[in-house]
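Throughout, read-outs are computed from the coordinates displayed, never taken from laboratory work. Here the structure is a predicted model, which means the values were calculated and not measured. Here Cβ is always computed from backbone atoms with ideal geometry, including for glycine, and neighbour counts include all displayed protein chains.
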Amino acid sequence: MGTPRADARAGAPPAAQRSPVARARAVLAWWQRTRAARANARFGAAGGGVLTGGIAYAALFSVFAALTIAYTVFVAVLGHDAVLRADVLRTVSASLPGLVDTGSGDGLVKPGDLVLGAGLNVAGVVAVVVLLLSATSALAALRTAVRAMFDERGPGGNAVTGKLREVAGLAGMALAFLVSAVLGLAVTAAAGWLLRLVGLGAGVGVVTTVLGLLVALVVDAATFVLVVRVLAGIHPPWRDLRQGALICAVGVGVVRLLGASIVAGGARQNAVLASFAAVVTLLVWINLIARIVLLAAAWTADPAAPTVATARPPLRGGQPSRGSASTRSRGRRWA
């Protein structure tokens, strides 16, 4: 902002004499140039609201198939450990509330229903293939939506590579649940043992809770990186990807702390929706998580600020800034 004398020479009123409307416009112009506003604008321009609804709808029909495959493999490999099995189910319940019955009786499915009973025969192979195709439908919607946040239209690649990316994304997310459960158990046990060793046993609960949140933060951030780089096939600069991963992890962590009772509490109070409140809660929950992921992806994309077509791109250190149109050719940055 120039001095009052410079403003007078330019024919503009001094800052002190600007009307509230002019000040509001100045604040709005400043906000539109910020990275958060540019990310939100990209989210809206790419149809983020519609995309999140599509992800939630697809996930509603594919989440049972995905859990069936993942939990069947887990039970076959590590299911003999009852403590680990219970912790994995608690992790799934925290990420997808109301889906799995962990003993409270209010889940949609029981853990035993998630284990394939058919052996290695034709019927079993067909069941696995059908479940795998169903499980990857939500990941296909997520891949298309994340690519849209980077202004990359279409699924990217051919059908074979796309399906391989979806399967890799499914395996990575299943591994994230397992890693979160294993690390949570290990950190809790180690912290409890160490605190009791030094005579601070009274603080075990607080410390283990904080460490559990940190573990979830790291796993959520790593999952976001997996979604962007492996599932969507986008390769942004590491600095931008790191920021987006942190935003996504914090956002998902806040939602997880609030819990399903707060996020989707209206469904239980609605007489029409009360009979299938668990399904509505799951839809609202997935929609909100998908919105956080897409907003974090839009932040990672760092879209250009709206500029006049004839304006000279802003300079930063003698070079066009990363937000200028001259440096953001479509598709080139993410190769």
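Points to keep in mind about this one:
- For region 39-301, fraction of C-alpha pairs farther apart than 23 Å, in %: 55
- FRET efficiency for A22 and L133, using Cβ-Cβ distance with R0 set to 45 Å, rounded to 0.05: 0.20
- Karplus-derived 3J(HN,Hα), 6.51/-1.76/1.60, for each residue of region 298-303, Hz, glycine and proline x: 5, 4, 4, 5, 6, x
- Couplings 3J(HN,Hα) for region 26-39, derived from phi with the Karplus relation 6.51 cos²θ - 1.76 cosθ + 1.60 (θ = phi - 60°), are 5, 5, 5, 5, 5, 4, 5, 8, 6, 5, 4, 5, 5, 5 Hz, where x marks Gly and Pro.
- Neighbour-count order for H80, H235, fewest beta carbons within 10 angstrom listed first: H80, H235
- Relative to the current alpha-carbon distance between T209 and V83, full extension at 0.36 nm per residue lengthens the span by 43.6 nm.
- With the simple spin-label model, which puts each label point 7 Å out from Cα in the Cβ direction, the D113 to V73 separation comes to 2.3 nm.
- Charge tally in the Cβ shell below 14 Å around R143, where Lys, Arg are +1 and Asp, Glu are -1, R143 excluded: +3
- With N the number of residues in region 33-96, Rg(Cα) / (2.2 N^0.38 Å) evaluates to 1.70.
- Sorted by Cβ density within 10 Å, fewest first, the residues E166, E152: E152, E166
- Residue exposure sequence - L132, L96 - by fewest surrounding Cβ within 10 Å: L132, L96
- Net charge, V179 excluded, C-beta distance under 12 Å - Lys, Arg +1, Asp, Glu -1: -2
- Here region 209-234 is scanned for amide nitrogen atoms under 19 Å from the site 7 Å beyond the Cα of L164 along Cα-to-Cβ, giving 226-234.
- Phi-based couplings in Hz for region 130-138 (Karplus 6.51, -1.76, 1.60; Gly and Pro marked x): 4, 5, 5, 5, 5, 5, 7, 5, 5
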